[in-house]
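Bear in mind these aren't lab numbers, they're just calculated from the coordinates by the rules spelled out. This one's a predicted model, so the numbers in the text were calculated from it and none came from an experiment. Here the Cβ is made from the backbone with ideal geometry for all residues, glycine too, and neighbour counts use every protein chain on show.
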């Protein structure tokens with residue numbers, strides 16, 4: 001009898017991380033895969049990325065929940081709408097296991113619904129730290145509502161166990177996003193240029209910046225970033241932020257900046273292969289996205305990590321931490337573009353894994369026994 005495994009994806013970023021896990025599960029005859037897309041996947045403003053999932057060949061159930069707002073109240077209401085919708089859908093599917101990934105605030109909805117419906121939860125990327133985002137609290141909350149854990153690093157596994165989770169069900173597998181480097185065909189520089197319809201120049205700088213959701217003003221640090229970008233020579237490519245409070249204003253500023261500066265571009269969504277190919281071609285990453293810490297390390301790409309959003313996250317020698325101050329950012333940019341610094345991270349081992357996470361995760365999802373009472377957690 002097939003094991004019904006439901007998987008939730010809420011955004012382009014987590015789908016990129018889940019892609020090879022989904023491929024592995026879909027290829028196994030003993031798995032009945034049920035993929036559920038919600039949040040920004042269904043938003044035209046954020047590229048209606050559910051259509052890409054369907055083009056990739058996955059059957060998708062859609063859950064509308066993202067409010068068209070730019071506020072923290074909108075975020076809170078989105079959790080409520082998602083909870084109501086998922087109660088019906090998961091109540092209908094009754095999966096044997098629900099798979100969640102990372103730390104988006106929307107995940108509080110499926111984790112809570114699964115608890116009420118007594119559905120065991122598996123969670124990818126628990127135990128990490130990002131002190132400048134509400135993601136940090138969401139990640140820990142989802143960890144406590146989960147029963148099987150897949151961590152990216154050894155230290156992350158130790159943190160999950162320290163939260164009281166059963167060590168037998170906490171598995172260090174590596175970051176699932178890194179499977180793209182091993183399994184996806186990356187584009188050449190010429191192919192990237194044709195795909196994006198732009199000409200790439202040196203220095204090529206990729207900008208990935210998101211609202212800092214623990215601050216009352218989620219864009220409190222962004223003035224320093226844009227002031228620094230004004231003074232940086234090079235080609236700037238902006239990727240859209242997450243749909244958090246402040247994201248619309250941030251998108252508007254990115255478009256306005258790009259319109260006023262030659263050789264600056266904004267992209268709403270980049271498929272995983274194109275994004276990874278851009279990382280390979282880039283000379284520098286700047287922003288506060290985890291991509292500068294996790295994915296960039298696979299290329300030894302210097303990454304300027306701005307402000308507090310990723311504070312506390314493990315990182316390799318490619319990362320330069322900058323305060324959200326113009327001169328601090330510029331100093332790190334100069335260092336990151338200097339050849340003497342660039343030689344250090346080149347060829348480094350990525351602390352987040354080896355690109356084999358998907359197969360490990362799929363195997364454990366299939367082979368882990370789920371006896372009656374599995375969701376009962378013993379006090380430790």
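Descriptive notes on the structure:
- Förster radius 30 Å - calculated FRET efficiency between residue 52 and residue 348, Cβ distance, rounded to 0.05: 0.45
- FRET efficiency, 1/(1 + (r/R0)^6) with R0 25 Å, evaluated for residue 45 and residue 84 via beta carbons: 0.65
- Mean separation of Cα pairs under 8 Å and 6 or more residues apart, divided by the residue count, gives the chain a relative contact order of 17 percent.
- Per-peptide packing, taken as the mean over residues of other Cβ atoms within 10 Å, places 183-192, 104-113 in the sequence 104-113, 183-192 from highest down.
- Angle between the chain longest axis and helix 12-26 axis [Cα atoms, degrees, rounded to 10]: 40 degrees
- GNM flexibility winner over the chain from 241, 29, 167 (Cα, springs under 10 Å): 29
- Cα shape, segment 120-222, gyration tensor, a/c 1.5 rule: oblate
- Between the Cα long axis of helix 108-117 and the first principal axis of the chain there is an angle of about 10°, rounded to the nearest 10.
- Cα principal axis extents for segment 261-313, largest first, Å: 32, 26, 20
- Taking label positions 7 Å along the Cα-Cβ direction at both residue 62 and residue 226, the computed distance is 3.3 nm, reported to one decimal.
- Between residue 191 and residue 259, the modelled labels are 3.4 nm apart [label points 7 Å from Cα along Cα→Cβ].
- Label zone at residue 378, where the point sits 7 Å out along the Cα-to-Cβ direction: segment 150-172 residues whose backbone N lies under 16 Å: 164-170
- With R₀ set to 25 Å, the beta-carbon distance separating residue 154 from residue 115 gives a calculated FRET efficiency near 0.30.
- Ordered by the number of other Cβ atoms lying within 10 Å of each residue's own Cβ, fewest first, 265, 180, 202 fall into the sequence 202, 265, 180.
- Intensity falloff of segment 198-243 expressed as log10 I(q)/I(0), Debye formula with alpha-carbon point scatterers, at q = 0.18, 0.23 Å⁻¹: -0.64, -0.89
- Sorted by Cβ density within 10 Å, fewest first, the residues 129, 53, 294: 129, 53, 294
- Helix 247-259 vs. the chain, principal-axis angle (Cα, 0 to 90°, nearest 10): 30 degrees
- Listed peptides 89-102, 11-24 by packing density, highest first (mean Cβ within 10 Å): 11-24, 89-102
- Listed from fewest to most Cβ neighbours within 10 Å, the set 194, 34 follows the order 194, 34.
- Most mobile of 232, 361, 293 in a GNM of the chain (Cα contacts under 10 Å): 232
- Calculated over segment 276-347: convex hull of Cα atoms, volume per residue (Å³): 72 Å³
- The alpha carbon radius of gyration of segment 1-108, expressed as a multiple of 2.2 N^0.38 Å, is 1.05.
- Dividing the convex hull volume of the alpha carbon atoms of segment 186-342 by its residue count gives 103 Å³ per residue.
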